[in-house]
Each structure stands twice: as C-alpha cells, then as structure tokens.
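One structure below.
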Amino acid sequence: MRPFVYEQPADISAAVAIASRFTTNDDQPTRANAQFIAGGTNLADYMKLGVAEPNRLLDLNRLKESGLRQIRVTDDGIRFGALVRMGEAADHAEVKRRYPVIADSLRLAASGQIRNMASLAGNILQRTRCEYFRETSWQCNKRVPGSGCAAMEGFNRQHAVLGGSDACIATYHGDFAQALIALDAVVHAEGSRGARSIPFAKLHRQPGDTPHIETDLAADEIITAIAVPAVPWARRSLYLKIRDRESYAFALASAAVALDLDGETVREARIALGGVATVPWRAGAAEQSLQGKKLDETSAEAAADAAFAQAQPRQHNAFKIELGKRTLVRALLETRDMKA
Amino acid sequence: MDAAAPRPKENMGEPLPRVDARLKVTGQAHYPADLPIANIAYGALATSSIAKGKVTKLRLDDARAVPGLLDIVTYGDMDKVDKPKFGNSGATSIGPLHDRTIFHDGQIVALAVAETFEAAEEAARLIRAEYEEEKPTATFDSPGTATIPAAGKSPLFKEDVKAGDFDAAYADAAVKIDQRYSTPTQHHNPIELFSTTAFWEGDQLTVHEPSQNVTGWKVELARQLKIDPAKVRIVSPFIGGAFGSKGPMTPRTAIVAVAAKRLGRPVRCVTSRMQAFGTQTYRAETRHRIRIGAGRDGHITAFAHEGWEVTSRPDPYVVGGTSATGRMYDYGSVLTHVSLVQADRNTPGYMRSPPETPYVYALENAMDEMAVALGMDPVEFRRINEPKTEPIGKKPFSSRSLIRCYDEAAEAFGWAKRDPKIGAMRDGEWLVGMGCATAIYPTAVAPCAARVRLTVDGDVRLQCGSHEIGTGVRTVAGQMASERLGVSIDRISVEMGDSSLPPAPVSGGSISTASVCSAVLMACDAIRTKLYAAATAEGGPLAGSHNEELELAGGKIVAKSGASAKVEDVLKAMQVGAIEEYAEFAPKGATPDALKKLYAGTPEFHGGDQDEDSVKYAFGAEFVEVRINRHTREIRVPRIVGAFAAGRIMNTRTARSQLMGGMIWGIGQALQEATEIDRRYARYVNRDLQDYLVPVNADIKDLQVILVPEVDPAVNPAGVKGLGELGNVGTAAAVASAVYHATGKRIRDLPIRIEQLLV
Ligand SMILES: Cc1cc2nc3c(=O)[nH]c(=O)nc-3n(C[C@H](O)[C@H](O)[C@H](O)COP(=O)(O)OP(=O)(O)OC[C@H]3O[C@@H](n4cnc5c(N)ncnc54)[C@H](O)[C@@H]3O)c2cc1C
Ligand code: SF4
C-alpha cells in the first residue's frame, strides 16, 4: 500500500474545502488525489490491492452534523443520513415495516460485520468487483482508461448483460441501490459548488466509452443523505437475491419489486434489477407491461421478457438473461402473495 | 445430549475436548507468522503476470527508492544454493530465481525486504518485469498440451490396475453406460495465509512456517542451502488449516532463508491470498471416462475408468485415483488408465483426499447412473456389488463395513421415504431430491518416533514431531498416553510441530493418528514394562503378579487381585525421578531402511493397497437432500447424513469434527468451489475468497455424522484407520445424485451451478 495522508475533517464544509483544495473540477472522485472514506470496506480494500491510489484520505466519520447519522421517518418519506451503517438501516423497525424491499436489500448484503462498518453512502458508491478490475496486472479500461478490457473475452461469468459497452461490462454489485432506484430515491450532496439533489437514477453512469467515469459526483462532493419519497403501497415490496451460496455473496441476479395492486390487477409496479447490469437498473419496460394487467405467471413472464429485451450476453454470462427473468418472475409472484 | 461430543460406542475413545482449544479460541496460540520476533524485517513477493516466457529485464529502481527498503533478492542471488526438488518434501522442481524462464502464472520473480510490511509490499508492487512472452497452454483442450501415461511417473502410482477381460465383458453386458465427468481446479485457501519466518544464529537456521512435514522440510531445506540438516530447525506448532497445501515445501522458504542470511536479520514473508494461487500447490482439474457393464440382475461385469489430470511442464504430479475406484466393488473385470496432461501451470499437489475426491466422484456419479439404467435402488445396487475380496489382487479387505454404513445412514436419513420417481418430491415451490454415494479412503501408516516421559510427580511429557493441522492429533496422542499410563489428560503436555522433536511422517494421507498413536503406544508400553518390572520384582509391592494382570489407572498400578501400588512409590523405590522412553515405530512389512528413511524425511507408507496380506480401507456412506427452486434453480442442501467406519475411533469429538468438516467441504466441492482459469493467458482469475466460494454457515443446515463401530487389529497396533480425508469423498456425487433425482438433469461436471439447471 502506498503512503497517504489521513485527515479527519470536523464538518461538511471543512471536508469539502480540503477536498476542493486537492482536487480539480475534472477529477473523477475515484481517481482524485483526495478521496473520502466512510466505512472503508470498499476503499481500503481497493487501496491495498493498488486499484485505488488516493494520496489523501478524508475520513467522514468525525463530521459533526448529526443528521449524517440519523434515519428520519416522516409522512413525506424516509431520509437516511449518509453515515448511517447498513446494519442499522436494515434493522430499523419503520424501514422494515414501510419499505421491506430496502430492509431486505441491506439484510441480504455482505456479512454482519461488514454491515456494521459500511455506510449507506459508501454502499451506493461501491465499485465493481470485476476480477480483472481488482487485480492490477490485467488490462482494464475502468482502472486504466484506454488499456483494454480483459473481461470482454475472458472469464465473464459475473459480468453484466444490461447496460454494457464495448469498453466495459462490469456489473454494479450493490443491492441497496436497486431498492432505491425502484422507489425513486433522491441523493443529497454538498460540494464546493453548493448543495444539490440528484435523482437516484442519475447518480450512476453507464460505462459507454468512459467506464472510468462512474457517477455524476464531483470529486469534492459529499453525499449527505438519501431520501426515499413516501410510497404507501411499498409495504408490498421485496428484494429477491439469487446467488451461488446462501449468504455472503453478491447477486448473480436480483430483483427489487414493489407493487400497488387492486385485487390481482397491477395499478403500478416498480422494478429494479441487480447483478445483471452495469449500473443500478430500473426496468421501466417491465413495469409498463404490467400496468393494468392481472399479475400471474404469464404476465410476469412477459414483463421479464421486456426487462431483458436488450440484454447482450457474453461467453460465460448468457445464463444471467434466463436467470434474471426467472428471478423477476419469482419476485413478482412472491410480492403479489405478500400479506401487506 | 451434545452432538459435538458423541457418546463413544464399541472401540471408541472419549470425546475429550482438544487440549489446545482454549489457546486457540483465546488467541494465545501463536501461529508461525504471529510469533513476536525482535528486529524483524518483512519480505514481500513480486510475481509474474505471464504464464510462459522469459524475464528479459527487471526494473528495480522504483522499488529501491521506497523508504525502508533493505534488500531485493532476485535472479543471481540464489545461484549458490541448489534448486528445489519435486517430490516428497518439495512442491516443485522450479527454482524461480535460479532461472529467468517463466513456467506459470504468478511465479516468483523477486523478494523485496523492508523495515515494515507496508514498505515491503509497496516495493514488491513497484518491481517491474519485462518479458519475452510466449503463448501459454492453459488446460485441457488448449493448444500445446502434451499427454503422457501417468503410470510409473510417481512412486505412489506404479501401474494402471486391471483385472479380467474388460472388453469382452463390456461387449456382452446387458446394461451399460459410457459417460464422461470432470472436476475443476481447486485451491486449498486455508484461512491462515502461507508464510515463512527465517533467522540465523551463527550457522544455525530456524524457520517458522506452517508445515505438515517439519522433518522432510528440514532435510530438503538443508539440501538446497548445502548445509547439515542438523543446522536447520523447522518450527510449526500451530497450523491454521492446511488440507495438503502445507505438506510440500515451496521455493519461497529457501529464498526467505537466503534473505535473512544476507541481512543478518530475521525476515518474515507472508504471501497474499492472491499470490498463494500461483506460489503454492493446488488440486488440478481432472477428466474421466467411465464405462460400466452389468447383467440385468445388477451384477457389474465390466468396469473401466480412464482419468486425465493436468500437471505442470516440469513436474509429473499424479493423483491416480483408479487404484481405489478399481477396488471399490465386485466388478468382474477392470480396466483403468491414467494420463497426465502437461500445461503451462504451476505444479499441483496434495489436497484433501487427492486421488479419491475426483475419482470417486466420477465413479459414484456413474454408479448412480447405472442404478437408474438398471431401474434399481442405488443402495441396493451397491449391496449387490459388495465384494468378498478386492477385484484386482483378490486380496481380502482387512475390514469393510460399507454396507453397515449404508444401513445406518439410510435409516437415519429416512431413505425409505424417498419416492424414486424423478421430480416426484416437492415442497411448495421447491423440488426435492435425495441421493447417496460411497466414501472410501486408503488406510495407511508410516514409521514414527515419539518420546514419552513419566515423572514421579505424575506428569507426562509427550514429544513427537507430528503436526497439529486442526485434526486434533495433539489431543488424541495425549489421550493414547493417558489411556496407557493411567494419567489424566490435564497432566499430559504434548509437544509437536518442531523438527528438533522425534521425527514423525508428513501429516498427509490420513496417517497421523495411526502412526503417532502407534509410536506413543510403544513408548508408553515400554514405560509400563519398566514400572511393572519394578513393582512385581521380589520385594516389590505387587511381587508375584504377572504383567497381564496389571493395569495403570489413576496414578496406580492395579492388579486383578485388587492389590495396587502407587506409581509414585514405585518410581521412588526405583530411585528415579522419571522414566523416559524413546520409541521408534515401524509398521508391519517395513523395509530394513524404514527408520533411516523416517529420519531422512522420506518415510515409507504401508497399508492401503500396498500390503501382501490384505487391502486396507476406511468406508462411509453419505446421503444428501437437495432443494431446488422451481423458478430460479438455486440448489440448497437442507440435510446431509454420513455414516463412517474407521477402526478404533480415538476420540469421538475430534473424529466427528473431521468428518463433518469433510462433508461440508464436499458440499462446497459439489456446488461452489472452482478456480477459474483465463484460457487465453493460462492465468487464474478468481484469486480471492470473494470469488473463490466455499460454504458459509448459512449453507449448512442439518448435518449428521454417524460413527459406526469397527474393530481392525490388522491395520496397525493402535487399530486406527485414518479418517481425516474420508468425509469429503463421495459427497459431491451424492449431491449430483440428489440433483438428478429432483430434476432429471444429470450434471457430470463440477461444480454444479445454477446455469447448468436453467437450460
Ligand atoms: C466481502 C464483502 C462482501 C460484500 N457483499 C456485498 C453485498 O452482498 N451486497 C452489497 O450491496 N454490498 C456488498 N459489499 C459491499 C459493501 O456493502 C460496501 O463495501 C460498503 O457498503 C461500502 O461502504 P463504506 O462506508 O465502507 O464505503 P467506503 O469504502 O468508505 O467508500 C466507498 C466509496 O464511497 C465513497 N464515499 C463514501 N462515503 C461517501 C460520501 N458520504 N460522499 C461521497 N463519497 C463517499 C468513497 O470515497 C469510496 O469511493 C461487500 C463488501 C465486502 C468487503
Ligand atoms: S469489465 Fe470493466 S472493470 Fe472489468 S476489466 Fe473490463 S473494463 Fe475493467
């Protein structure tokens, strides 16, 4: 690991000030000299592997604003402070009651120890686990722009079938983000150019020709909170995660589903897919195909077909199309049958 | 009732807790890389990023500029020491710093040594190799492989076993199958990382390194360094998982020893998880073709097993499991052939039940297919083919309790409730499947020495250079002394894992309990003989008694008559403070050189299929239930039952623990575990525990181990059959059979993953 400077700014404005001093407007947050660290479960790992190379770490854990550590539930929705730990949010009684899909997505992620360390903002910004990205001797456009993509023709079983490009097919592995994008969450951020709100769906960028650009954030922007609007019928929601083992593994395919039902007929469906796409993935076409329809195995299958209509398989990941569809079908049926 | 401590049945010892359990769970056990050592310097490896070619240039300037860097050991620096040797104690013949040729991915190109671990790692990362690259051969079907017959390439695999006229019998068989199976590359990934800590005191070298073979390493390291083995000491008191990976010494050990010499300081090198994939051994991928022919009555008349195994270019590592599969059932005729397929890979090595895991997987999967083809219950099919003598040499089995294992496991599992129809069993959205398979492991034993001292205070000190790799050998050796000397276990201290102790064989092949306990038994009996002689001598407290009438218990010599004498008093009367005995055990059939070879670190193994009088194996039967989701097809294992018979069970707790661990591993081998190779580059891809999956707690639900009583005095004086490697043999086939039962899909290539069930 390379030597680096470690600082503990006292409040958000101090953190932003230091960050903007050591970064430029063009810097990507993941490539900048100065980078924020929260739980460190992702960043410290990548620093040890030589994948992330900040020479200055700004630890957010001492920031004095208490809202950063709070979960606030109101009639307008729910607001998660950026530094709330995954474990705390997963166990929160109101989150479990009002938004089972959020609680599930966190509960089924990582391990108890990691959930106790990892922050919610860090979670949504977690970087891909592409094996070729993690090990610096491989070619990787995301790590070293323009160097090529070893995964494209390599062992790409875990790679994305949706949202990829010729430059990069790395999967976005997070679970929480699928619940957030399905529920139209908004991310609050503060940087040297002021505070702003970013619709969750705009936060992550598809790789396109520039896979090293991962989010819409500037290098000196701190996420302060994540807000989920009130969606009363989200009590009928769940997160289904299919993986190679029962726990402590990333999704091969997952689905976040929330349903507003009139009897068995769908008034509105919210669907996001994990494990199969390069970014958190809202399945709009699938949602539309269900609207006004009776939800049964046939309509669920049609929705799943719509969700994967644009999917592009590679040598080892073609199964994810079929698996992703079946995951969605099962998630839809299980959500329908929930007692909510 | 405590499941972890099963009540002993006939011929089983007490479930004593491990003597080192408290040390381990309280962090007081110092594993080799934990040991505090003054003035230590840290080493980190730089490894190749290509699998084939030559290093044309090594750029060291950036690394040299790292503050705290002390030294870089690389090409040229090892010229004064000898290259490693492959076999016995050596993992490979590749001397990575002796030669700029790159034979495999992740080959060592340098060792950076610095004041801190971080500086060493940083320097190693900055070492830049330039290569003249060649197109490497990755594995089966890659261009450039060379296929050679395995027989004779390894002293452990002399010939392809055969019996009768397979071709004729197969041609005539009424029912037959001809199928191919495969198993993937696997790496041991013990949680304790690989490490070497070396320091010199004058010309005396001490190496702390997790090792399953301290005596063998002492001799081999001395050979490489061209010094007297008496000047080398290997210390490895605790090992955090080995599974074979810490059996052979790798080239790193000598490199670190040289670095320590150059610096005149202790040097410690811990390899990273990723580096372990290329710098250590592994289980190579295998392929199999099995043909079975049988009459309609279910009697097998013809069995052929062909195997292919990947190995490195320079070293012919062979597992050759056909010697076990060829003896499993009453086949009529047997034909086997094993081939090695050479590729540009690091040299494979032992991994828990090296031959049996892949070969018995193929055999048992085929047996299940054959039972289906015959329309027969798979347990019944095995019962019909239970042999009286083994089919190759027509020798008897020293003992064979397979059918009893099947009966007990089937009963506990509830096999009778299984509906044999494919796909007939369901639980809501879940398809239910049940399957079974046989486990077999050869019972071997090797020469071993041990020193036991009984003091007048009633304390016992037991010394033996064996290795506590987690099996509980320290506990069972203590237990043997406790039983023979009548001293409670808390008065017994057991020293192991040090090449300055009496030599023991490599802790591999499940021989340790048998070999160590046989030596301890000998030493204890020699102590008893002396005590009895003194006690029964004229004027002694038990004068006139015969040795056969005496027992040692509770610190006393007790005669059948009821008379007794305190051991303490007997020793006092003898005017000694202690009796110490050094025993050298040699198994029946040992050659005149057997003990010499033990001290030379090249012990001979006896038993298994090697003996004249009988073949010696331990057996088991495993039953598995799987559940497969109707939609998404993930496979879960809610239940597994295994019944095993392995001669005398020294300690039912440690025995159960070994078998349970094996079964859990077997589930992982069936469903998860595989090292992925990028075939373009012959490089490993999933080189960490994020992507190299093994079961987690949530994967293992209801697991039951049944210890089936068995008495077998023929195997060794202790009557013990090794069981450390028995538990994971057969499990994967049982899972495959259950998956077939649930879905009608026969998966022949491991691991069985979701994608194979989606189509
Ligand atoms: C073994 C393992 C298994 C895992 N399994 C799963 C899983 O199954 N599902 C899943 O979803 N996740 C999983 N994870 C990922 C884990 O959830 C993330 O590592 C974690 O959520 C990151 O949070 P953190 O606070 O530790 O982030 P850090 O590592 O501290 O930071 C991550 C990134 O976010 C940036 N950052 C952090 N906070 C802020 C902020 N407030 N504003 C701006 N930038 C910020 C950092 O600069 C960095 O780039 C796993 C991780 C591990 C190690
Ligand atoms: S898929 Fe993306 S992250 Fe992975 S190697 Fe290719 S460019 Fe890098």
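Would you say residue A:26 is without any contact (Cβ under 8 Å) to a residue 12 or more places away in the chain and in a loop (DSSP other than H, G, I, E, B)? Write out each step before concluding.
Details: without any contact (Cβ under 8 Å) to a residue 12 or more places away in the chain: yes; in a loop (DSSP other than H, G, I, E, B): yes.
Yes; evaluated as a whole, the condition is true for this residue.
Tell me, please, whether a residue that is at pLDDT 95 or above, more than 29 Å from residue B:675 (Cβ to Cβ), out of contact with any Lys or Arg (no Cβ under 7 Å at 6 or more places or on another chain) and not in a loop (DSSP other than H, G, I, E, B) can be found in the range A:150-170. Looking through the range A:150-170, none of the residues is at pLDDT 95 or above, more than 29 Å from residue B:675 (Cβ to Cβ), out of contact with any Lys or Arg (no Cβ under 7 Å at 6 or more places or on another chain) and not in a loop (DSSP other than H, G, I, E, B).
Restricting to the range A:164-193, name every residue that is open to solvent by 30 Å² or more (accessible area, probe 1.4 Å) and over 22 Å from residue A:243 (Cα atoms).
Our first condition is that a residue be open to solvent by 30 Å² or more (accessible area, probe 1.4 Å); within the range A:164-193, this holds for A:164, A:166, A:184, A:186, A:188, A:190, A:192-193.
Those that are open to solvent by 30 Å² or more (accessible area, probe 1.4 Å) and over 22 Å from residue A:243 (Cα atoms): A:166, A:184, A:186, A:188, A:190, A:192, A:193.
Going by the conditions given, is residue A:339 open to solvent by 20 Å² or more (accessible area, probe 1.4 Å), part of a loop (DSSP other than H, G, I, E, B), out of contact with any Ser or Thr (no Cβ under 9 Å at 6 or more places or on another chain) and within 25 Å of residue A:176 (Cβ to Cβ)? Here the answer is yes, as residue A:339 does meet what is asked. Among all residues of the range A:312-323, there is none that is open to solvent by 10 Å² or more (accessible area, probe 1.4 Å), free of Cβ contacts under 8 Å to residues at least 12 places away in the same chain and away from chain B (no Cβ under 14 Å).
Close contacts from the range A:133-148, counting a first residue that is under 19 Å from residue A:210 (Cβ atoms) and a second that is within 16 Å of ligand 1 (Cβ to nearest atom) and among the small types (Gly, Ala, Ser), with Cβ to Cβ under 9 Å and a gap of 6+ residues or different chains, come to A:133/A:170; A:140/A:170; A:142/A:170. Against the numbered list (1) open to solvent by 10 Å² or more (accessible area, probe 1.4 Å); (2) more than 16 Å from residue B:247 (Cβ to Cβ); (3) charged (D, E, K, R), residue B:364 comes up short only at (1).
Would you point out which residue out of B:661, B:724 is away from chain A (no Cβ under 14 Å) and in a loop (DSSP other than H, G, I, E, B)? Steps first, please.
Numbers: B:661 fails: in a loop (DSSP other than H, G, I, E, B).
When all the criteria are applied, what remains is B:724.
For the range B:688-702, the criterion of being within 14 Å of chain A (Cβ to nearest Cβ), part of a helix (DSSP H, G or I), without any contact (Cβ under 8 Å) to a residue 24 or more places away in the chain and among the hydrophobic types (A, V, I, L, M, F, W, C) is met by at least one residue.
When residue B:46 is tested against the conditions (1) within 14 Å of another protein chain (Cβ to nearest Cβ); (2) assigned to a loop (DSSP other than H, G, I, E, B), the lone failure is (2). Considering the range A:42-141, the qualifying strands (runs of 3 or more DSSP E), each wholly inside and each with 2 or more residues that are open to solvent by 50 Å² or more (accessible area, probe 1.4 Å) and away from every other protein chain (no Cβ under 14 Å), run over A:71-74. So which residues in the range B:322-360 are part of a loop (DSSP other than H, G, I, E, B) and open to solvent by 10 Å² or more (accessible area, probe 1.4 Å), if there are any at all? Residues satisfying the conditions are B:327, B:330, B:332, B:350, B:352, B:354, B:355.
Quick one: how many residues across the range B:577-588 are loosely packed, with under 15 Cβ neighbours inside 10 Å and of a type in the set (A, V, I, L, M)? Steps first, answer last, please.
Narrowing the range B:577-588 to residues loosely packed, with under 15 Cβ neighbours inside 10 Å: B:577-578, B:588.
Then keep just the ones that are of a type in the set (A, V, I, L, M); that gives B:578.
The total comes to 1.
Note on the range B:108-128: residues that are surrounded by fewer than 24 Cβ atoms within 10 Å (Cβ to Cβ), within 14 Å of chain A (Cβ to nearest Cβ) and not in a helix (DSSP H, G or I) total 5. Of the strands (runs of 3 or more DSSP E) contained entirely in the range B:163-280, those carrying at least 1 residues that are surrounded by fewer than 23 Cβ atoms within 10 Å (Cβ to Cβ), touching a residue at least 24 places away in the same chain (Cβ under 8 Å) and of a type in the set (Ser, Thr, Tyr) fall at B:175-183, B:195-201, B:204-208.
Where strands (runs of 3 or more DSSP E) fall entirely within the range B:421-511, those with at least 2 residues that are touching a residue at least 24 places away in the same chain (Cβ under 8 Å), of a type in the set (A, V, I, L, M) and under 30 Å from residue A:330 (Cα atoms) are at B:430-442.
Per-residue answers, yes or no, for (1) outside the structural domain of residue B:727 (by TED's automatic domain parsing); (2) farther than 30 Å from residue B:194 by Cα:
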site: B:382; (1), (2): yes, yes
site: B:410; (1), (2): no, yes
site: B:425; (1), (2): no, yes
site: B:432; (1), (2): no, yes
site: B:466; (1), (2): yes, no
site: B:471; (1), (2): yes, no
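Quick one: is residue A:168 touching a His at 6+ places or on another chain (Cβ under 8 Å) and within 10 Å of ligand 2 (Cβ to nearest atom)? Against the criterion (touching a His at 6+ places or on another chain (Cβ under 8 Å) and within 10 Å of ligand 2 (Cβ to nearest atom)), residue A:168 does not qualify.
Within the range A:142-158, the set of residues being crowded, with 22+ Cβ neighbours inside 10 Å and either near ligand 2 (Cβ under 6 Å from one of its atoms) or closer than 23 Å to residue A:29 by Cβ (or both) comprises A:142, A:143, A:149, A:150, A:151.
Contact map, the range A:159-170: first residue without any contact (Cβ under 8 Å) to a residue 60 or more places away in the chain, second residue within 6 Å of ligand 2 (Cβ to nearest atom) and among the charged types (D, E, K, R), Cβ cut-off under 9 Å, separation 6 or more or different chains; pairs are A:167/A:142. Every condition in (1) open to solvent by 10 Å² or more (accessible area, probe 1.4 Å); (2) within 25 Å of the chain's Cα centre (by Cα) is met by residue B:735 except one, and the failing one is (1).
If I ask for residues that are away from ligand 1 (no atom under 16 Å from the Cβ) and more than 12 Å from chain B (Cβ to nearest Cβ), which ones from the range A:149-172 would you list? I'd like the intermediate steps shown before the answer.
Within the range A:149-172, the subset away from ligand 1 (no atom under 16 Å from the Cβ) is A:149-157, A:159, A:161-169.
Scanning the range A:149-172 gives A:149, A:161, A:162, A:163, A:164, A:165, A:166, A:167, A:168, A:169.
Annotation: residue A:174 fulfils all but one of (1) within 11 Å of ligand 2 (Cβ to nearest atom); (2) in contact with a helix residue (DSSP H, G or I) (Cβ under 9 Å, 6 or more places away or on another chain); (3) within 25 Å of residue A:32 (Cβ to Cβ); (4) not hydrophobic (A, V, I, L, M, F, W, C); the unmet one is (1). Residue check: is residue B:348 within 30 Å of residue B:188 (Cα to Cα) and under 19 Å from the mean Cα position of the chain (by Cα)? Yes, satisfied. For the range B:711-731, filtering for residues that are open to solvent by 10 Å² or more (accessible area, probe 1.4 Å) and closer than 23 Å to residue B:412 by Cβ leaves 4.
Screening residue B:317 against (1) touching a Gly at 6+ places or on another chain (Cβ under 6 Å); (2) open to solvent by 10 Å² or more (accessible area, probe 1.4 Å) leaves a single unmet condition, (1). Of the numbered criteria (1) within 16 Å of residue B:292 (Cα to Cα); (2) part of a loop (DSSP other than H, G, I, E, B), the one residue B:372 fails is (2).
The values are calculated or read from the model by the stated rules, or taken from the named source; none is laboratory data. The shown structure was predicted, so the numbers you read here are calculated from the model rather than taken from an experiment. With ideal geometry, Cβ positions are generated from the backbone for all residues, glycine too; neighbour counts draw on all protein chains shown. Remember, those area values only see protein heavy atoms, side chains included, never the ligands or the DNA or RNA. Shrake-Rupley method; radii C 1.70, N 1.55, O 1.52, S 1.80 Å.
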